[in-house]
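Heads up, the thing below is written out as structure tokens.
We did not get these values from a lab; they are worked out from the coordinates using the rules stated. What you are looking at is a predicted structure, and each value in this text was computed from that prediction instead of being measured. Neighbour counts run over all protein chains shown; Cβ positions are idealised from the backbone, glycine included.
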Amino acid sequence: MQPLFQLADTIPSELHWQALSPITILAVGTLITMVLSVIRVHTRRPAQVAAITTLIFALLAVFGSASIPTADLFRGAIEVSPLTRTAWSIMILSVLALIIGCSRYLTRERIHLSDYYHLVLLALLGACVLASARDLLVLFVSLELLSLPIYTLVSFRRNDPRCNEASIKYFVLGGVGGAILLFGSSFIYGSTGSIRFGEIASRIPQMGPEMSPLFLLGWLLVLAALLFKVASVPFQMWKPDVYEGAPVPVAGIMATLVTTASFFALARWCFLLPSGFMGGIADHLLFGSAVLSMILGSLVVMSQTNLKRLFAYSSIANTGTMMLAIYAARFDPSVIGALWVYLTAYAAANVGAFILLSFSQSEADQGVELVDLAGLWSRKPWMVVAWSIFLLSMAGFPFTFGFWGKWLVLKSFAVQAGLGWVLVALGCSVATAYAYLRPIAVMTMRAPDETSAQWKWSIAGFAATAVAALATLGFGIYPKHVVELLKRISL
Amino acid sequence: MAGSSEILFLLFAPWVLGFALLLLPSRFQQYFANLAAVIYTISAGKNIASALYGHGSSQVSVDAWSSFGWAPSFVLDGVSAAFILMSGLIALVAISTGGGWVRTHAKLFTFCSFATLGLVNGAFLARDTLVFYLFFEAVLIPAFLMLGILGKPGKGTAALRFMLMSFAGSFAMLAAMIGLGWATFHLNGDFNLSIDAVAVAVQNLDPQLQFLLLGGFILAFAVKLPLAPFHSWLPDAYTLAPTGGTIWMSSVLSKLGAYGFVRIVLPIFPDALHRAQMPLMLLSALSVVYAALLAMKQTDAKRMLAYSSISHLGFVALGAFTAGTEGATGALFLALAHSFSSAGLFAAQSFATSSGKFLAGRGLRVITFLLLLAGVALPLSANFVGEFLVLKAAFGVSPLAASIAAVGVVLGAVYMLNFYRTRYYAEPSEGPSNGTSVLSPMQWLALVPCFVLLFYFGVQPSGLLNLLGGVLDAALVSAR
């Protein structure tokens, strides 16, 4: 059940640096950006250029190291494989698009601190390591490295009380999550004697009945910390408030970067425990959490009028669906490809949606509401087309990339859990379809009124949105190559 | 592969034309769109003729969607051809009706029209439940936009209700499709959603499960067709949409439901359908009568025609549920005939009211009456041929359902003739008459094809009946 945890052949040491080059480039780039933000205080431009350059080089390094086989580095603490490289590319591309697309937003909100860029890069660094972590302490450190800059980033609009409240909420709850992770790690170390995933996996079968409950408890505690990060029921309460309070690009980064990295870590963590361990209680909990997230997210999203809250609840529903894929893969590891496809589609649609959201001029006052979209069709029709593509992809409408993700997940889930639960999932889809169609209806069918916000776009934003839209629509119409690429990546 | 270029033409030409039209100025949209529709229909006819009479049928395998376990395909045969040509002519009718959109949103309307054309072509060519599903869902978006942007007040709610009810039905179908795929997975080791593979796999499922899966498909098509009690989205959607949009919805989109019943449900679920036949046929018959009764009470012309549409499509469903070649052929023939009769009637009533007062010159009155006779299924019209075949086949299976439906024919005559009497024979309303309501050439273009085709095929149905019957015979026999 865990082909992943067999130690791969060690690659020659001269390839180690090449394998780690994306992370190295990101680290060096982050330091350069940090220095630039200190010595050039009055303008954001040098730090912005440094950040974008770093991201581009890191992406090139990922593609350049594509031929290196799977390897465990640092004696099994970090894995570099097609899986991690896929994770890194998705994350780097999302962050690149959000930085380029939302730059106008920062100017408008008078966020002049160039700290923004190196904080984002630090979070990305943490996310990349999180996606490759195969060691409990590396997991913890990378999770914190991912989270701490984002706590700061959430609070960037310092004069908005909702923003400060969101930041405090996220910080306190995230801190508790980190502590719980360490607590669980201690139980796992106590029961297996190791913190490396490979060694833990090999020692589980030999564990006696007196150690198993301790191990399960530790596993569940670490799972809880990871579920908090992806906002799965019952740890989802923070998401709507934090999204609503955070600046739009930061909410976008949370939706794409944090979710992607956490899901890669979550998938790896769920594969660690054999199915049926101690009566399969873990499977039941995973299933329950997944289904409840999906149901809760879908039902509550229907009543949202604030767009960021809408995306938060939609993200909770999507998390539930993605966890269904993980649940299915616990019984049939070959279907984990469904999760990667869904995750990629979700990231592309959310990146686009948040860039579009940053074009709204109403943030300073009360956040982007549904009424702000009214009449957008008569003012900026191309924006409506882009919005529709992203919203329909999130709804799983045919000919968008999101449809193929949903199709693969439901297909694999049906084989494991039966058609009844598929009907539940599709019922939730109808609810979310309403929530996604309502903005489209408001955009195209309602006349603008004076209270609607203005929507101002930038060339960079247009370019980033266009790329995301082309990806969503293009892979929806022609999914073959991307889907085959992603399906080939086994854990 | 034989005939692949013809299929690719049918799939992509409408999109090419739609995008090309966006480049032209709004003032000329209607003319050029009509020209494009005519050129497209003639080329489609030529392509189809060469494919069918040259190769027999054509098939093209879709490589782009082949990473899910099997290679989906598009197949062109007689039935698909008939529906595709019908859609091309309906494009002509819909665009010619004109209306407010010509001044305000011409580009949107013509683009949505060609998008709908492209997408329904994909649906009619699909030989694979997944491909059919993709196009079946996707075709909702142009209709949603036409209704929602160009409609009358109240359109937002109508549009959302239309979309959500269609989604709910389609998701039921998606669930059933996943179930079918799972059945093929158990049989062959991998998902395969082509109709032949699925039909084989379904035989091995236990009857209860077959019923459930059948139910999923029936739900989707019952919302689309529509069949009472799933019709509640229709009256508002048809009434509030611009006439061109209504024609697209009544003549083309609803036929997706009919096509789905006959080409998808019948070959895949012959046994389950035989067992569920009685209740389904009764439901269709009741739908006919229910909608006819409601139509009698309507005062708004468009709303009346909307309910009459539901009523006639109930006949189509009745024929499809007989699960026999004769009934299915009659159902599809009636579906094609109904497309033209409802398109013509919607167009005609919009021309009569377009000046604000109800004025109809002699020409319009004559042609409306003729179309109305077709709508009532008077002999010599194609609707009669279809309804007769349907009732004949239905009587053989369930005399009760057939009798109830036959009552619907009488009721149909009642509301149609009443509509004509109150509108076209009434005293003209006060106010200065503008002296004439002579139809413009464009408006004649909307009405004449409908009228000609209905009466030609009413008198000479054998060619088309043989075409439809031949294909259905082969498909249904192989399903047993």
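General observations
- Taken as Cα centroids, segment A:397-439 and segment B:326-355 sit 35 Å apart, rounded to the nearest whole angstrom.
- Chain B - mean residue ellipticity at 222 nm from DSSP helices (-39,500 (n - 2.57) per run, n ≥ 4, rounded to 500): -24500 deg cm²/dmol
- Gyration tensor (alpha-carbon) shape descriptor, segment B:276-354, a/c threshold 1.5: oblate
- Averaged over peptide B:167-179, the number of partner chain Cβ atoms lying within 10 Å of each residue's Cβ comes to 6.
- Crossing angle, helix B:270-296 versus chain B [Cα axis fit, 0-90 degrees, rounded to tens]: 10
- Cα centroid separation - segment B:236-259 against segment B:398-428, whole Å: 21
- Straight Cα distances below 13 angstrom link residue B:302 to the aspartates and glutamates B:236, with same-chain residues fewer than 8 positions distant left out.
- Fully extending the segment from residue A:41 to residue A:107, taken as 0.36 nm per residue of separation minus the present Cα-Cα distance, adds 22.3 nm.
- To the nearest ten degrees, helix A:21-39 and the longest principal axis of the Cα atoms of chain A are 50 degrees apart.
- Summing charges over neighbours of residue B:33, with a neighbour being any other residue whose Cβ is under 13 Å away from its Cβ, gives +2 when K and R count +1 and D and E count -1.
- Efficiency of FRET between residue B:448 and residue A:334 - r from beta-carbon atoms, R0 60 angstrom, step 0.05: 0.50
- As a length-normalised measure over Cα pairs under 8 Å and 6 or more apart, the relative contact order of segment A:111-203 settles at 26 percent.
- Expressed as a fraction of 2.2 N^0.38 Å, the C-alpha radius of gyration for the protein assembly as shown is 1.01.
- Rounded tilt (10° steps) of A:337-357 against the dominant C-alpha axis of chain A: 30
- Every helix of 4 or more DSSP H residues in chain A counts as -39500 (n - 2.57), and over all residues that averages to -24000 deg cm²/dmol at 222 nm.
- Ranked by how many other Cβ atoms sit within 10 Å of their own Cβ, fewest first, the residues A:115, A:135 fall in the order A:115, A:135.
- Taking every C-alpha pair closer than 8 Å and separated by at least 6 residues, the mean separation divided by the residue count of segment A:8-96 gives a relative contact order of 33 percent.
- Mean separation of Cα contacts under 8 Å (6+ apart) over length of chain A, as relative contact order %: 15
- Derived value for segment A:194-264: Kirkwood hydrodynamic radius 14.3 Å. Basis is the mean of 1/r over every pair of different alpha-carbon atoms.
- FRET efficiency, 1/(1 + (r/R0)^6) with R0 45 Å, evaluated for residue A:447 and residue B:410 via beta carbons: 0.45
- Residues of type aspartates and glutamates that residue B:255 reaches as a straight line, Cα spacing below 16 Å, ignoring anything fewer than 8 places off in the same chain: B:137, B:387
- Kirkwood-based Rg to Rh ratio, chain B, C-alpha trace: 0.96
- Between the C-alpha center of segment B:66-120 and that of segment A:190-243 there is a gap of 53 Å.
- Sorted by Cβ neighbour density within 10 Å, fewest at the top, the residues A:199, B:137, A:369: A:199, A:369, B:137
- Cα→Cβ-extended label distance, 7 Å offset, between residue B:20 and residue B:196, nm: 3.6
- Applying a threshold of 25 Å to the alpha-carbon distances of A:239/A:456; A:406/B:152; B:152/B:224; A:169/A:380 flags A:239/A:456; A:406/B:152; A:169/A:380 as lying beyond it.
- Ranked list, fewest to most other Cβ atoms within 10 Å of each Cβ, for B:112, A:270: A:270, B:112
- Gain on full stretching of the segment that runs from residue B:5 to residue B:380 - 0.36 nm per residue minus C-alpha separation: 131.2 nm
- Potential lengthening between residue A:17 and residue A:217 on full extension [0.36 nm per residue; Cα-Cα distance subtracted]: 68.3 nm
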